[in-house]
Amino acid sequence: GQQVMQIPQYQHVQEGEDFTTYCNSSTTLSNIQWYKQRPGGHPVFLIQLVKSGEVKKQKRLTFQFGEAKKNSSLHITATQTTDVGTYFCAGGDNFNKFYFGSGTKLNVKP
Amino acid sequence: GAGVSQSPSNKVTEKGKDVELRCDPISGHTALYWYRQSLGQGLEFLIYFQGNSAPDKSGLPSDRFSAERTGGSVSTLTIQRTQQEDSAVYLCASSLWLLAGETYEQYFGPGTRLTVT
């Protein structure tokens, strides 16, 4: 069955350092969504990528969707303590079913 | 406006009992999803609804799990004869779903934390 793998599982950075999390799908995706979950909270939507090779930016966050629509990345420049949380990718198929990655837990040391 | 609500927020039940979890999606959202999240883990897809119909039930872990949605709004997830491995946070999400092939952001509820003792 379809799987979405996400690495790394954990990332500890010093405030100001950059952070990247990667997602890889075993099959071609229709789209990919990214979510952030703060400790004790529920996932909150960050962005959706649909087009092959698409790159979107939100302030310090840069999202990429691979040319083959099988991988994606989220890069945070100059992390802040407010970036702490778990970041999930969710790959969507053609039938609006989403496969979530296992998440990358980011810890930022001040 | 109001977001996705779920009830109860916490449920402790004895092994073997049935439980019913409720989700109230955002008004006007035609798509509704159920996920399960075990402690420190990712989200496991269970089922989704387009309106009142569930095109894909393949994520339900066993025949003890069932879900329904009536009136294109409220959904209930029922777990019969609960087992300890059913302990998890059950998250519901809703989204717009206007056109085939179009997807929209999912708005998650706060979840129901289920503990089976």
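Values in this text are rule-based calculations from the coordinates and carry no lab data. Treat the numbers as computed from the prediction; the structure is a model and nothing was measured. A quick note on method: Cβ atoms are made from the backbone with ideal geometry, for glycine too, and the neighbour counts reach across all protein chains shown.
Between B:GLY59, B:GLY71, B:GLY40, which gets the highest mean-square fluctuation from a Gaussian network model of chain B, Cα cutoff 10 Å?
B:GLY40
Assuming R0 = 22 Å, what is the FRET efficiency of A:THR81 and A:ILE47, from their Cβ-Cβ distance, to the nearest 0.05?
0.55
What number comes out for the charge environment of B:ALA54, summing +1 per Lys or Arg and -1 per Asp or Glu over other residues with Cβ under 12 Å away?
Its environment carries a net charge of +1.
To one decimal place, what Kirkwood hydrodynamic radius in Å is obtained for the protein assembly as shown from all pairs of distinct Cα atoms?
18.0 Å
Expressed as a whole number of Å, what is the distance separating the alpha-carbon centroids of region B:46-117 and region A:17-39?
About 22 Å separates the Cα centre of region A:17-39 from the one of region B:46-117.
Running a GNM on chain A with Cα contacts under 10 Å, which residue among A:THR82, A:THR21, A:THR62 ends up with the highest mean-square fluctuation?
Looking only at A:THR82, A:THR21, A:THR62, the biggest GNM fluctuation is shown by A:THR82.
Below 12 angstrom from the Cβ of A:ASN24, what's the summed charge of the other residues (Lys, Arg +1; Asp, Glu -1)?
Result for the neighbourhood of A:ASN24: +2.
Give me a comma-separated list of calculated 3J(HN,Hα) values for region B:30-39, in order, Karplus coefficients 6.51, -1.76, 1.60 applied at θ = phi - 60°, integers in Hz, x for any Gly or Pro.
8, 9, 9, 10, 10, 10, 10, 10, 7, 3
Please compute the contact order of region A:31-110 in relative form: average sequence separation of alpha-carbon pairs under 8 Å and at least six residues apart, divided by the residue count, as a percent.
Over region A:31-110, the number comes to 28 percent.
Where does the charge balance sit around A:PHE63 when Lys and Arg score +1, Asp and Glu -1, over other residues with C-beta under 11 Å from its C-beta?
For residues surrounding A:PHE63, the net value is +1.
R0 = 22 Å: FRET efficiency of B:GLU14 with B:SER38, Cβ-based, nearest 0.05?
0.65
Could you grab the Rg to Rh ratio for region A:1-100? Cα atoms only, Kirkwood for Rh.
0.96
Which GluC sites (Glu not before Pro) in region B:40-115 pass both tests, a DSSP loop state and at most 13 other beta-carbon atoms within 10 Å?
Filter output for region B:40-115: B:GLU102.
Assuming a ≥ b ≥ c are the square roots of the Cα gyration tensor eigenvalues, decide whether region A:25-77 counts as rounded (a/c under 1.5), prolate (otherwise, with a/b larger than b/c) or oblate.
Because a/c hits 1.5 or more and a/b fails to exceed b/c, region A:25-77 counts as oblate.
Please report A:LEU74, B:LEU39, B:LEU32 as a ranked list, fewest other C-beta atoms within 10 angstrom at the top and most at the bottom.
Ascending Cβ contact count within 10 Å gives the list B:LEU39, A:LEU74, B:LEU32.
Placing +1 on the Cβ of each Lys and Arg and -1 on the Cβ of each Asp and Glu in the protein assembly as shown, which of B:THR112, A:THR28, A:THR79 has its Cα farthest towards the positive end of the resulting dipole?
Farthest along the dipole direction, towards plus: A:THR79.
Between rounded, prolate and oblate, where does region A:53-110 land on the alpha carbon gyration tensor, with a ≥ b ≥ c its root eigenvalues, rounded for a/c under 1.5, else prolate if a/b exceeds b/c?
Because a/c hits 1.5 or more and a/b fails to exceed b/c, region A:53-110 counts as oblate.
Would you work out the relative contact order for region B:1-83, in percent, from Cα pairs under 8 angstrom that are 6 or more residues apart?
Once normalised by length, the contact order is 32 percent.
Could you check how many percent of all C-alpha pairs in region B:1-98 are farther apart than 15 Å?
The calculated P(r) of region B:1-98 puts 59 percent of pairs beyond 15 Å.
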